[in-house]
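This report concerns only the one structure given below.
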Amino acid sequence: MNILPDSVYQGKSTLHHFNLELIESLSLITIFTYPKRDLSQPRPIGGSCPIAYALKHLENLNLTVEQRIVFFRYVSQCIHYFNQYLKRDCHIDYIVPMPSSCELTRHVAILLGYCFQRPMISIFEKTNISMKSIPLEQRNQFNPLILNAANSSDFTGKTVLLVDDLVATGNTLTNANHLMKMHFNDIQTIAFSLFKTEC
């Protein structure tokens with residue numbers, strides 16, 4: 001099943017853009033947005049963002065090797081463009097991926113690290129709370145993360161890029177942001193995600 005946007009699959013790379021918005025006080029940069037699901041309708045396979053599910057091999061959705069190559073080539077081009085834009089305003093010191101049961105977030109963090117020539121450090125662990133079992137409107141009441149101090153560098157005075165693959169409510173990234181600002185002084189944070197629901 002070809003679930004890539006036509007412009008990406010056909011190799012049209014003129015869409016090198018990203019979306020910037022604030023979630024609480026955290027700047028979030030995303031490449032793709034997808035529509036909110038109509039809750040009055042039965043949930044389709046892959047929800048509102050089947051490409052994310054296919055990238056994670058969930059719900060029997062997959063991409064061919066060729067489609068994955070095209071997709072990640074496009075994402076790499078967008079990240080390069082984002083890096084050129086970001087250099088005008090700030091300097092990234094570290095890249096910190098959110099923990100995930102699949103490797104997609106880590107792959108994106110590796111791409112970012114390669115483009116920015118900055119180290120990736122995994123400092124967060126998931127709690128035993130399954131956020132997918134909690135309704136979207138209640139997720140902001142739970143913190144799905146803990147900080148693994150053993151893996152932490154001293155981020156004091158540094159700029160950190162927090163990375164996730166898909167943002168529905170922004171709860172994971174905002175909690176990561178709060179944890180880092182509680183533990184480290186004078187830290188600057190920016191967030192990056194491949195996918196996000198439309199506002």
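Listing for the model above:
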item: Distance (nanometres) between label positions extended 7 Å along Cα→Cβ at Glu59 and Arg43; result: 0.7 nm
item: For the range 47-128: accessible area per residue (Å², 1.4 Å); result: 52 Å²
item: Fully extended contour minus Cα-Cα distance, from Arg73 to Thr33, at 0.36 nm per residue; result: 12.6 nm
item: Cut-off 12 Å between beta-carbons: net charge of the residues surrounding Val160, Lys and Arg +1, Asp and Glu -1; result: 0
item: Shape of the range 16-76, Cα gyration tensor, a/c cut at 1.5; result: oblate
item: Mean Cβ neighbour count within 10 Å, used as a protection proxy, ranking 165-171, 105-111 highest first; result: 165-171, 105-111
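The values are calculated or read from the model by the stated rules, or taken from the named source; none is laboratory data. Nothing here was measured: the structure is a model prediction, and the numbers come from that model. Quick reminder, even Gly has a Cβ in these numbers, built from the backbone with ideal geometry, and neighbours come from all protein chains shown. Just so you know, the surface numbers come from the protein's heavy atoms only, side chains and all, with ligands and any DNA or RNA stripped out. Shrake-Rupley method; radii C 1.70, N 1.55, O 1.52, S 1.80 Å.
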